[in-house]
Amino acid sequence: MNTISDENQFDALFARIELAPGERFYRRMKGAAWTPAGVARRRAIGATGLTLLLVVAFLAFTPQGRALAQVVIHFFTRTATDSLPVPTAVPLTWVDITPGAPLPTSTPQALFRECGDFPKCSVEQIRSRVNFPVLELGRIPAGMHFLGATGGPERIYLLYDNGKLTYGVALTEEPWTGSSDMIQQQVGASAVVETVQVGDVTGEYIKGGFSTRLLQAPTFNEVHFSQVWDDKVGLESLHWLKDGIFYSMSAWDDDMDNVLLDKDAFVALAAGLTTEPVSARQTYVPPTATPVPPVTFEGTTYILSVAEARQQAGFDVLEPSKLPDVLSLAGAAYDPEQHIVRTFYIEPPLDPRVTFGVRLSQQPIQDPSACNLCSLVRGDYGDVLTQKNSLVVSPDAVIEEVQISGVTGQYFVGQWNGPAWVPYSSVETLRWQANGMAFELKYFGFMDASGTVPISKADLVAIAESLK
Amino acid sequence: MDPLVRSTRLSRPADFSAFYERTHLSLFRYLYGLTGGPQEEVEDLTAESFSRAWRARRNFEGSDPAALGWLMKIGRRLVIDAYRRRKVRPVMDDALGEEVPAAETSPEDLVQSGADQEYLMSLLQRLPEETREILVLRYLLGWPVNQIGTYLEIPENNVSAIIHRALSRLRRQWPDEEK
């Protein structure tokens, strides 16, 4: 054992202690409630299928359909087995950007912007903004309260919960449109679909959902899982069509406390939808949303426009001329001490506090020794604390050379988490120099349900090459 | 809230997922430092801490460091609960001046295995709770003294003094060549 003659030696000794969770932990956490797999599991029952609605509309609105409506309508589609295939990554859609011009409005609709992706509008507010009748629960189940409403012009969502989001009811209402993603909700081959009477129409009730099973131990870069139907999952769902409106009502019990309503009570809840202002009468007051501040990330507040940053910096600030459509400009910031302009493109643009996105930093190379975006050195956490002008990465990090419009740049994944370097595949950095300027593109992201990172190395290079 | 401090929102799964990625290693190291293991128990405590944080996420509003602090306090409560339930190890009185009993693993055993770090961890577990926590925050998580002071609501100079005295104590307990 080494002799300790000075307290300062403990510093190095502590630094050599390697503590990290093992595979058992990561295997467990990959199925956690906040992961894509966990979210997919909870949403599995809540989603609606379009094919089903097509059939329903046909049956409801055409003479042939009305004749056929005497037979039972099937709202759910059984899969061939109880397993769903692993989701595949959704390819990015790229849009052309005119530097200096406002970025195009991204996919989320106006009502989502107004009422939040997490619902915060009243039923009356949402009702006044859509062109179809909006019904709400005629009786709010014991232990729940109305949390809020949100949606787009073509579909609205009402959410009721127990105050902790661990137990609640989600009600989706939408007019028949013929869109193919409205029906064909998949359920397991062994799922028990029950035909029920919802007032004077027929609906279908199902209990259970797809749960996530890991196929092998995950790593930071890969996760392999399948979704397996489980009728013990705390989910129940009811679909029905009435007066040209498709209704999907789901209840969840995250804690598996067996608090879900039984089938009859759940169906009675559906049959009791009303235009009466039931939610407006509740005494519960949902927390009011606090004013949203400008995006602040890693100590920088993106409060400037690009033009303002350009004016303050006194150099020509470049902007991407191509971006994935999920990204939009949150703002710009100028650091006069380092003479760096940073622009931050985030996704989704619903909440400026969101921290997923791509950050572009640019700095004129006037004195290479004082250039913060120029050098990339390998070192330990101690070097991170002492190296002010260099970006320190772990000796374990893999630094790749990439070509950006004819110049060679450097790309790596990972970041420091305290004194430990963690090779997060979802934190990517690309650095290069061109025309007397040093650039850094950094993606702060996440791994999607397919185990891939939405913005790849090639995507970062494409953004870099589009700078104008 | 200071507008220049990054605000953390945890209600959406994607936000919480990022929060988990940013913090799980720190939380694990923190809980390992507090408990001394075993590994699986600390993994369970870490997982349960995130699970509880997820359920209570809508009650949280604050900066990124505050979110980590909130998570760590959830974890610390779980550690205390575990102690109470199972009485895994005695809670030490906060008496820095007193010598502590010998570690369960003798220095000789550890000398043979050459496990400096293991012996250091065993000594850490013999420290009073607050002292142990401060050393864990300072050396296993790399927190600066002012951040520790803010988290534990202790004046910075007290934190520095506790660290200094704790290191002196560790050095006294460290086997020298004659031992």
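The values are calculated or read from the model by the stated rules, or taken from the named source; none is laboratory data. Keep in mind the model is a prediction, meaning the values are calculated, not measured. Quick reminder, even Gly has a Cβ in these numbers, built from the backbone with ideal geometry, and neighbours come from all protein chains shown.
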If you scan the stretch A:366-387, which residues turn out to be within 25 Å of A:L318 (Cα to Cα), surrounded by fewer than 16 Cβ atoms within 10 Å (Cβ to Cβ) and either over 34 Å from the mean Cα position of the chain (by Cα) or of a type in the set (D, E, K, R) (or both)?
A:Q366, A:D367, A:P368, A:S369, A:A370
Counted residues, the stretch B:5-21 - those being more than 7 Å from chain A (Cβ to nearest Cβ) and either closer than 23 Å to A:I17 by Cβ or at pLDDT 85 or above (or both)
1
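Select from the stretch A:4-31 the residues that are more than 12 Å from B:L120 (Cα to Cα), within 7 Å of another protein chain (Cβ to nearest Cβ), without any contact (Cβ under 8 Å) to a residue 12 or more places away in the chain and not in a helix (DSSP H, G or I) and list them in ascending order. I'd like the intermediate steps shown before the answer.
We begin by selecting, within the stretch A:4-31, every residue more than 12 Å from B:L120 (Cα to Cα); these are A:5-8, A:18-31.
Pick out the ones that are also within 7 Å of another protein chain (Cβ to nearest Cβ) and you get A:7, A:19-22, A:24-25, A:28-29.
In the following step, the residues that additionally are without any contact (Cβ under 8 Å) to a residue 12 or more places away in the chain were identified as A:7, A:19, A:21-22, A:24-25, A:28-29.
The answer is A:E7, A:L19, A:P21, A:G22.
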Is there a residue in the stretch A:311-319 that is at pLDDT 90 or above, among the aromatic types (F, W, Y) and in a loop (DSSP other than H, G, I, E, B)?
yes
It is to be established whether one or more residues within the stretch A:292-310 are under 29 Å from A:T98 (Cα atoms), aromatic (F, W, Y), touching a Lys or Arg at 6+ places or on another chain (Cβ under 8 Å) and modelled with pLDDT of 80 or more.
yes
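Given the structure, is B:F28 buried (at least 22 other Cβ atoms within 10 Å of the Cβ) and facing chain A (nearest Cβ under 7 Å)? Break it down stepwise before answering.
Details: buried (at least 22 other Cβ atoms within 10 Å of the Cβ): yes; facing chain A (nearest Cβ under 7 Å): yes.
Against the criterion (buried (at least 22 other Cβ atoms within 10 Å of the Cβ) and facing chain A (nearest Cβ under 7 Å)), B:F28 qualifies.
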Any residue in the stretch A:176-205 that's within 22 Å of A:T79 (Cβ to Cβ): show its pairings with residues that are polar (S, T, N, Q) and modelled with pLDDT of 85 or more at Cβ separation under 7 Å, as long as the two are six or more apart or on different chains.
A:T195/A:T202; A:E204/A:T195
What residue, among those in the stretch A:103-161 that are among the hydroxyl-bearing types (S, T, Y), in a loop (DSSP other than H, G, I, E, B) and modelled with pLDDT of 75 or more, is surrounded by the most Cβ atoms within 10 Å (Cβ to Cβ)?
A:S122
Which members of the stretch B:139-172 meet the condition of being more than 14 Å from chain A (Cβ to nearest Cβ) and either touching a Cys at 6+ places or on another chain (Cβ under 8 Å) or not acidic (D, E) (or both)?
B:N146, B:G149, B:T150, B:L152, B:I154, B:P155, B:N157, B:N158, B:V159
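In the stretch A:301-320, what count of residues is obtained for those that are among the β-branched types (V, I, T) and within 14 Å of chain B (Cβ to nearest Cβ)? Write out each step before concluding.
The first filter runs over the stretch A:301-320 and keeps only residues among the β-branched types (V, I, T), leaving A:301, A:303, A:306, A:317.
Pick out the ones that are also within 14 Å of chain B (Cβ to nearest Cβ) and you get A:301, A:303.
Qualifying residue count, the stretch A:301-320: 2.
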